[in-house]
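Just below is one structure, and these are the notes that go with it.
The values are calculated or read from the model by the stated rules, or taken from the named source; none is laboratory data. Everything numeric here is computed off the predicted structure, so don't read it as measured data. Cβ placement follows ideal geometry from the backbone for every residue including glycine, while neighbour counts extend to all protein chains displayed.
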Ligand code: IPE
Ligand code: IPE
Ligand code: MG
């Protein structure tokens, strides 16, 4: 699909991260079970992944399941895991054809074994693809990610392999799940809530944040393009003044 004229192809965000929220409420409004919302949410995933690829986004991170989501009723957790497995199995051919590389962030050891195997197989088979990195946040929590990084760094210090004075932002970055990825430029949350819910707490420090009331199952190509347009209308100052930004 061609890029809409309203979008400047020269300033596409490199990394877009999305908190895909609102599936349950979307279903409830129609008198349907929550899983119906999750199933329809998968259609939005397919459309947004395709659109991100068309626009030339390098990395698309999708918050699919948080560390806190394990607290949901077992049937909902099971339903979500089942949908994830089916999605990965169904999309593999398309990922290979469209040069999509699948990666993930989070504590995937906690996922059911069959889901983890499909996930690992998909990552292996798409590892050399170069167009779009589709990065799934699964059993992911920003705080847990930081605890893990601090433990790794502390061990290196205790073993005598690292000086405390060598701990800087780059080193911390390199111990996060996102070590290989650029920081998100644009962070989208659907579903009407205005919070981060433990998502990319370190990495989003200078992301442009876009909240929309649209529920995730209704968030399709046009909605994604609208978020990109809004991103392109913002001035990113990174602490500087407007005048400094304008003079380059
Ligand atoms: C987002 O939709 C999907 C996941 C968190 C897995 P929700 O299931 O949170 O939907 P709401 O927020 O209850 O509407
Ligand atoms: C955030 O949504 C997590 C995902 C989208 C995977 P939640 O629905 O879990 O967030 P809260 O509980 O409303 O903050
Ligand atoms: Mg929610």
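So here's what we get for this one:
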{"quantity": "Among (1) in contact with a helix residue (DSSP H, G or I) (Cβ under 8 Å, 6 or more places away or on another chain); (2) more than 13 Å from ligand 1 (Cβ to nearest atom), the one test that residue 190 misses", "calculated": "(2)"}
{"quantity": "Options 181, 134: the member that is within 16 Å of ligand 2 (Cβ to nearest atom), modelled with pLDDT of 95 or more, surrounded by 13 or more Cβ atoms within 10 Å (Cβ to Cβ) and not in a helix (DSSP H, G or I)", "calculated": "134"}
{"quantity": "Conditions (1) in contact (Cβ under 8 Å) with a residue 12 or more places away in the chain; (2) exposed (fewer than 13 other Cβ atoms within 10 Å of the Cβ); (3) under 22 Å from residue 42 (Cα atoms): number failed by residue 93", "calculated": "(1)"}
{"quantity": "Members of the range 195-239 that are loosely packed, with under 15 Cβ neighbours inside 10 Å, part of a helix (DSSP H, G or I) and within 17 Å of the chain's Cα centre (by Cα)", "calculated": "205, 206"}
{"quantity": "Cβ-Cβ under 7 Å pairs, at least 6 apart or on other chains, the range 48-72 side more than 22 Å from residue 183 (Cβ to Cβ) and at pLDDT 95 or above, far side within 16 Å of ligand 3 (Cβ to nearest atom) and outside any helix (DSSP H, G or I)", "calculated": "68/141; 68/198"}
{"quantity": "Every residue from the range 3-33 that is within 6 Å of ligand 1 (Cβ to nearest atom) and either at pLDDT below 95 or surrounded by 18 or more Cβ atoms within 10 Å (Cβ to Cβ) (or both)", "calculated": "20, 21, 22, 23, 24"}
{"quantity": "Every pair of residues 6+ apart whose Cβ atoms lie under 9 Å, when the first sits in the range 233-248 and is modelled with pLDDT of 95 or more while the second is loosely packed, with under 11 Cβ neighbours inside 10 Å and assigned to a helix (DSSP H, G or I)", "calculated": "235/242; 235/246"}
{"quantity": "Residue that is touching a residue at least 40 places away in the same chain (Cβ under 8 Å), in contact with a strand residue (DSSP E or B) (Cβ under 7 Å, 6 or more places away or on another chain) and within 30 Å of residue 25 (Cα to Cα), where the choices are 192, 106", "calculated": "106"}
{"quantity": "Residue match in the range 151-170 (condition: closer than 22 Å to residue 65 by Cβ and surrounded by 13 or more Cβ atoms within 10 Å (Cβ to Cβ))", "calculated": "no"}
{"quantity": "Failed item in (1) in contact (Cβ under 8 Å) with a residue 40 or more places away in the chain; (2) surrounded by fewer than 21 Cβ atoms within 10 Å (Cβ to Cβ), with residue 38 passing the rest", "calculated": "(2)"}
